[in-house]
Amino acid sequence: MLKINLSDTIAAISTPLGESGIGIVRLSGKEALSIADKIFVSKNGRRPSEFKSYTLHYGWIVDRRMSKDEDASTQTSKYREIIDEVLLSVMRAPYSYTKEDIVEINCHGGIVALRKVLDLVLENGARLAEPGEFTQRAFLNGRIDLAQAEAVLDIIRAKTDSALKIAIEQLKGTFSQQIKRFRKTILDILTVLEANIDFPDEEIGRVDLERIRERLVKMNQELKNIIDHSRYARILREGIQVVICGKPNVGKSSLLNALLKTERSIVTPVAGTTRDTIEEVIDIKGIAVKIVDTAGIIEPRDLVQRKAIQRAKKQIDRADLIILVFDGTRRLSPQDRMLMARLKKRQTLAVINKIDCKQKIDKTEIIKEFKNIIEISAKKLKNITLLEETIANLIFAGKVVSPEPFMVANLRHIQAIKETQKFIEEALDSLDNRLSIEFIAQGLKDALGLLDGILGRRFTEDLLDKVFSEFCIGK
Ligand SMILES: Nc1nc2c(ncn2[C@@H]2O[C@H](COP(=O)(O)OP(=O)(O)OP(=O)(O)O)[C@@H](O)[C@H]2O)c(=O)[nH]1
Ligand SMILES: [Mg+2]
């Protein structure tokens, strides 16, 4: 549980744990420099508290503490122990990530050395940071708003270029600026309305009302646009799941391998080769597509097959798009027909495989059931690019979707924008139906509250906890 606490100095290992070129222990807070003074020895004898901001210094992390039976007179060296050779950087408040004094210790990236440096920092007065607490401080200290803080997480998690672009725009504040413009519009309108509530005798002018109406109509449309695009924004951010299914031996695993361009899944002429679902993520036109290869759907002959088929069915239920594979060299079987019946109501792409061999399949029956059909050879890599393009087109319903500055992919934001839009639409209705000014004003105030929530101008500890607990420690 993340408590709002800005008074102490926090520390964490900010790089992944494991062997690496470097590893960073980061400190933020009032004591960051004085703690560094206690554990860092620079080559020229100067102390971190004397360092200028944005400078980097070579030296050693040392443990100066003495065990009980040691005392200064018996010590042979100046320090009890040298822990690591490091580069230490200083970023002073308020021009740092958190707006507090920050010290970053670049260690050799070994787990033991990093842990020891962290322990030393903690023993000298820092507290271990909670997940996301550095970014939380950046927010609480007013360097970024909540939407921008959330963008940091999206940047870390971005799986594709598009997802990264959306997140960067959000961190830059493009989205926040838009929200602030909406806020300003509402505040302007509220000023006019409230003057009217306070001085009811001076009847609100027709001009004012018409102007308010225009501004609300415009805002309503802008909010709607954001909501319309959010589905695509989410796809760009989260990716989609595509499940390859079909009866045994039609070439499902071969197709997965063709899309991945590696021999990921085992391919054999024996029906029932794939015994479990296999998942891999590929990038199709900037969309992270998780491709799932499944066991061929048949009457199971043993327990493993039964479980594999149960899993395959689960994956099919969850899929955003299903690729139903047919073997072009064979006539349709009852198993094919069973799958066709089961999937015709879903977003399905029918793929006729093995076009490099003599074809026996009756395509007309498939055409009747599915709008989207494509013929390929997974083995000879024919029409694989066309297949990828078709997948992308289906996902975006034929639209060319590229990341735009105002795209909103975060569910919390989308929810708040949807509710805001409802309030604005209601305010418009109330205006048209000449309801009381107080009533309209109340709806606008509710909308304002929602926009404030997006930016984090109003928040609860629970909300912060929810947002920042998703982060890793050290960010
Ligand atoms: N000629 C030809 N053979 C193919 C093609 N694609 C796959 N095969 C062959 O079909 C057989 C089955 O391929 P798999 O990819 O293992 O089929 P699967 O659908 O995953 O089979 P299960 O996992 O058993 O359900 C193998 O012998 C492949 O070499 C193709 O495009 N052309
Ligand atoms: Mg297979």
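The values are calculated or read from the model by the stated rules, or taken from the named source; none is laboratory data. Quick caveat, the model's predicted, so the values are computed rather than measured. For neighbour counting, all protein chains shown are included, and Cβ atoms are generated from backbone atoms with ideal geometry for every residue, glycine included. Note: areas computed on protein heavy atoms with side chains; ligands, DNA, RNA excluded. Shrake-Rupley method; radii C 1.70, N 1.55, O 1.52, S 1.80 Å.
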Worksheet, complete the sentence: With the first residue restricted to the stretch 254-269 and required to be on the phi < 0 side of the Ramachandran plot, and the second required to be assigned to a loop (DSSP other than H, G, I, E, B) and more than 8 Å from ligand 2 (Cβ to nearest atom), Cβ contacts under 6 Å at 6 or more apart or on different chains are Ser254/Ala378; Ser254/Lys379; Leu255/Ala378; Asn257/Glu263; Asn257/Arg264; Ala258/Ala378; Ala258/Leu381
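Looking at Gly142, Gly125, which one is in contact with an Asp or Glu (Cβ under 7 Å, 6 or more places away or on another chain) and in a loop (DSSP other than H, G, I, E, B)?
Numbers: Gly142 fails: in contact with an Asp or Glu (Cβ under 7 Å, 6 or more places away or on another chain).
Every option except Gly125 fails the conditions.
Which of the residues belonging to the stretch 102-121 are open to solvent by 30 Å² or more (accessible area, probe 1.4 Å) and touching a helix residue (DSSP H, G or I) at 6+ places or on another chain (Cβ under 9 Å)? I'd like the intermediate steps shown before the answer.
Going through the stretch 102-121, the residues open to solvent by 30 Å² or more (accessible area, probe 1.4 Å) turn out to be 104, 106, 108, 111-112, 115-116, 119.
Selection gives His108 alone.
Could you please find all residues in the stretch 225-259 being within 10 Å of ligand 2 (Cβ to nearest atom) and not hydrophobic (A, V, I, L, M, F, W, C)?
Listed by number, the residues that qualify are Gly246, Pro248, Asn249, Gly251, Lys252, Ser253, Ser254, Asn257.
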Item to complete: Pick out, from the stretch 250-365, the helices (runs of 4 or more DSSP H) lying fully within it that include 1 or more residues that are surrounded by fewer than 22 Cβ atoms within 10 Å (Cβ to Cβ) and more than 15 Å from ligand 1 (Cβ to nearest atom).
Response: 303-318, 334-343
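Scan the stretch 388-410 residue by residue and report those that are part of a helix (DSSP H, G or I), in contact (Cβ under 8 Å) with a residue 12 or more places away in the chain and open to solvent by 20 Å² or more (accessible area, probe 1.4 Å).
In the first step, residues of the stretch 388-410 are kept if they are part of a helix (DSSP H, G or I); the result is 388-395.
Checking which are in contact (Cβ under 8 Å) with a residue 12 or more places away in the chain leaves us with 388-392, 394-395.
Of everything in the stretch 388-410, those that are part of a helix (DSSP H, G or I), in contact (Cβ under 8 Å) with a residue 12 or more places away in the chain and open to solvent by 20 Å² or more (accessible area, probe 1.4 Å) turn out to be Glu388, Glu389, Thr390, Leu394.
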Discussion item. Of all residues being in contact with a strand residue (DSSP E or B) (Cβ under 9 Å, 6 or more places away or on another chain) and open to solvent by 70 Å² or more (accessible area, probe 1.4 Å) in the stretch 372-382, which is farthest from ligand 1 (Cβ to nearest atom)? Just the residue, please.
Written reply: Lys382
Fill in: Within the stretch 145-170, considering residues that are outside any helix (DSSP H, G or I) and not charged (D, E, K, R), the one least open to solvent (accessible area, probe 1.4 Å)
Thr160
Worksheet item: Could you give every pair whose Cβ atoms fall below 6 Å, whose first residue belongs to the stretch 123-135 and is touching a residue at least 24 places away in the same chain (Cβ under 8 Å), and whose second residue is small (Gly, Ala, Ser) and part of a loop (DSSP other than H, G, I, E, B), counting only separations of at least 6 or pairs across chains?
Response: Pro131/Ser469
Worksheet item: Between a first residue in the stretch 339-357 that is within 13 Å of Asn372 (Cα to Cα) and a second residue that is of a type in the set (Phe, Trp, Tyr) and in a strand (DSSP E or B), which pairs have beta carbons less than 6 Å apart while being 6 or more apart in sequence or on different chains?
Response: Ile352/Phe326
Discussion item. Looking at the stretch 174-196, I want the residues that are free of Cβ contacts under 8 Å to residues at least 12 places away in the same chain and have a partner that is buried (at least 19 other Cβ atoms within 10 Å of the Cβ) with Cβ atoms under 9 Å, at least 6 apart or on another chain. Which pairs are those?
Written reply: Arg181/Met219
Response to the item:
Screening Lys52, Lys38 for residues that are part of a loop (DSSP other than H, G, I, E, B) and at pLDDT 95 or above leaves only Lys52
Worksheet entry | Some residue of the stretch 226-245 being crowded, with 20+ Cβ neighbours inside 10 Å, in a loop (DSSP other than H, G, I, E, B) and near ligand 1 (Cβ under 8 Å from one of its atoms) | no
